[in-house]
C-alpha cells in the first residue's frame, strides 16, 4: 500500500475554487423558494413522500448488518450517530491528537452521481431546486460519496420540475461532470449526527430520489476531488480490536480495543482534515492488539505487527481534533493580562490614571493606595485589605479535572478558565466545576474549555466560590489572613498559562441564585461624591499623617456572613471623626448606598 511518510504531511492549502464550488453545491439544497408560475408541473418537497431507508440490511451494510446485530435500528428508524460505538469512535491523530470520527460503514471507491441544477452561466445552484440522486442504500451503485454533476437548465425552468434522474435524461439537458466529491450519507428521516469538524450545518439536507424526498448528512471538513482514475481518494488508518481477527469472535464483532474505563481507542489516522492528503474514506489496516499500549501516534502505529492490510474501505469523517500530548506549563506561552484597560477596569483605568502599570506589567499590590487600604473592623480593630476593583456578582467558571473513580484533582493538572480581565463574563470570583476525565488521563493534555466541551466530559457544578484575581506574571501581593501561599498560581486559558492569586481567608459558597455573596462596608472620601472631584478620584479620607482610613467592614473572616465582595455604601466625610467601628459607622450620614461591589479580601487584623 502507498504510505505517506510523516515528513510529507503538509498543511492543506486553501483550494479556493474547489472549496467555493463544494459550498455552493451544498447550498443548492435550500428549498425556500417555491414556483408560482401557472401551467408548470412541479414537485412540492413539503408534500412529497419521504423515501424509506435501511442502512443495516444485508444488501446495504457490510460491518453493520441487522441480521448479525439485532440491536441496530430497524429499517427506516432514525439513527443516533452520537450514541457511541459502533457509530462514533475516539481515535488518535498522526501526532497523537485525540480525534472523533463517525463510522458510516464500508463504501466503494467509485462515487455515485448527484445532480445539481444551474442556469446557464450561473456560478451558484438554482435556488429552491433540491439535488437529485438515483440510488439509495441497498441499491447497486450506491455510495455515501457523490460525484457532483451540474445540470444546465433553461431560463424558463422552474425549481423542482425535475425530481428524478430519468427526467434529466429525457429532457436532454446538458450535464457537466465535475471532479468534486461530496460526502453525503443517506439516512432515515430524523437521524442525528451533531458533530462537525467545522462550524457547518449538522442537520439533514433534503434531495429527490424517484420523486420522493431523501434525507442526507453533509460532511465538508475537507474539499475532496476525484482521483485521476475517477475514484474517491483514500487515506490510511490502523486499528485494533478487543479480539484479534484470527481468533474466535475476533475482529469487528468484538469491538475496538480501548483504554480501560474509557472510549479512547488507539486507532490511528494517517491524516487529518487540515492535511492535503486527507480523505474520510479510510483504507483499514489491522494491527495486533498485543501492541495496543505502545501505539500513541502514526509513527508508533507503523511499528506494530500487522494482521491484515487493506481489509476494508470505510467512510469515517473526522469531526473533532484535540490535543493529545501533555503541554508543559514551564515552556508553554503565557497570556497577556491588562487589569487597567477600559474594558477591565472600573475604578482603576489607565485612561484616567496614567500612573497605573502598563498592560501585562507586574502589579505591586503591596505598594499602598489604591491597591492596599487600612480600614477598621466591626469592633474598631485596624485591618488591611487589597482592592481588586469592581467585580460582578455572577461568578465565572473554573474547571478542576478529576479522574474517573477518584476524588482528588489530577496531580499536576492546571485548572482551566475561559475568560481574562476585559473579557465579557470575567470575574475574580470563580465557581468551581469538577470535570471527570478518563482514568488514564494524562495531566495537562487538556488546556482549554473548548477541549472540555468538545470531548463532552461530565461536569459537576459546585457551590464553591474561590477568589482568584488573574494578574500579569510577576505581580505581588504578599499579605494573607491565613498562612496560605502568597505565590502566583498557574492555570490554563486556551493553551496558554495564566497567573492568579488565591485568597482563602474564609469559605465562600454561592447564594441560592448562584451568585457571589456580599458583605457590607461603609467608606468615606477626601471629597464627598456630590462635590467637584469627589468620590474615588479624591482618595479615601485618612487620619492626619497616616494611612488609616475609617472605612469600616461589617464582618471579618471567620464571622458569619463574611465575603470579600463588598457592597459599598458611602458616608459623609463630615462624620469621619465620629466613626470608629461598625455601630458608629451606621449612625453616619449615608450619601450613597450600593455605590459599587468591589473585591477587597481582608488580609490582616490587628489583635
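Per-residue answers, yes or no, for (1) in a loop (DSSP other than H, G, I, E, B); (2) touching a helix residue (DSSP H, G or I) at 6+ places or on another chain (Cβ under 9 Å):
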residue: 352; (1), (2): yes, yes
residue: 362; (1), (2): yes, no
residue: 370; (1), (2): yes, yes
residue: 384; (1), (2): no, no
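Taken together, 266, 296, 222 contain a single residue that is in a loop (DSSP other than H, G, I, E, B), within 22 Å of residue 103 (Cβ to Cβ) and under 29 Å from the mean Cα position of the chain (by Cα), which is 296. Looking only at residues of the stretch 219-241 that are out of contact with any strand residue (DSSP E or B) (no Cβ under 7 Å at 6 or more places or on another chain) and buried (at least 18 other Cβ atoms within 10 Å of the Cβ), we find that the one that is farthest from residue 68 (Cα to Cα) is 223. Would a scan of the stretch 154-165 turn up a residue that is assigned to a strand (DSSP E or B) and either surrounded by 16 or more Cβ atoms within 10 Å (Cβ to Cβ) or modelled with pLDDT of 95 or more (or both)? No; the residues of the stretch 154-165 include none that is assigned to a strand (DSSP E or B) and either surrounded by 16 or more Cβ atoms within 10 Å (Cβ to Cβ) or modelled with pLDDT of 95 or more (or both). Let me confirm something: among 213, 181, which residue is outside any loop (DSSP other than H, G, I, E, B) and more than 16 Å from residue 317 (Cα to Cα)? Unique residue meeting the criteria: 213. For the stretch 173-180, the condition of being outside the structural domain of residue 51 (by TED's automatic domain parsing) and surrounded by 21 or more Cβ atoms within 10 Å (Cβ to Cβ) holds for none of the residues. Within the stretch 107-125, residues that are in the same structural domain as residue 141 (by TED's automatic domain parsing) have Cβ atoms under 8 Å from residues that are modelled with pLDDT under 95 and outside any loop (DSSP other than H, G, I, E, B) in these pairs: 116/25; 123/24; 124/24; 124/27; 125/24; 125/25; 125/27, counting only partners at least 6 apart in sequence or on another chain. Among the residues of the stretch 434-480, write down those that are outside any loop (DSSP other than H, G, I, E, B) and either touching a helix residue (DSSP H, G or I) at 6+ places or on another chain (Cβ under 9 Å) or farther than 25 Å from residue 518 by Cα (or both). 435, 436, 437, 449, 450, 451, 452, 453, 454, 455, 459, 476 - these are the residues of the stretch 434-480 that are outside any loop (DSSP other than H, G, I, E, B) and either touching a helix residue (DSSP H, G or I) at 6+ places or on another chain (Cβ under 9 Å) or farther than 25 Å from residue 518 by Cα (or both). For the stretch 584-605, residues that are touching a residue at least 60 places away in the same chain (Cβ under 8 Å), surrounded by fewer than 18 Cβ atoms within 10 Å (Cβ to Cβ) and not in a strand (DSSP E or B) total 1. What residue, among those in the stretch 243-262 that are surrounded by fewer than 16 Cβ atoms within 10 Å (Cβ to Cβ) and under 27 Å from residue 320 (Cβ atoms), is farthest from the chain's Cα centre (by Cα)? Across the stretch 243-262, the extreme among qualifying residues is 253.
Is there a residue being at positive phi and either surrounded by fewer than 20 Cβ atoms within 10 Å (Cβ to Cβ) or outside any strand (DSSP E or B) (or both) anywhere in the stretch 107-117? Don't jump to the end; show me each part of the working.
We begin by selecting, within the stretch 107-117, every residue at positive phi; these are none.
Checked the stretch 107-117: no residue is at positive phi and either surrounded by fewer than 20 Cβ atoms within 10 Å (Cβ to Cβ) or outside any strand (DSSP E or B) (or both).
The values are calculated or read from the model by the stated rules, or taken from the named source; none is laboratory data. This structure is a prediction, so every number in the text was calculated from the model and none was measured. Methodologically, a virtual Cβ is constructed for each residue, glycine included, from the backbone with ideal geometry; neighbour enumeration extends over all protein chains shown.
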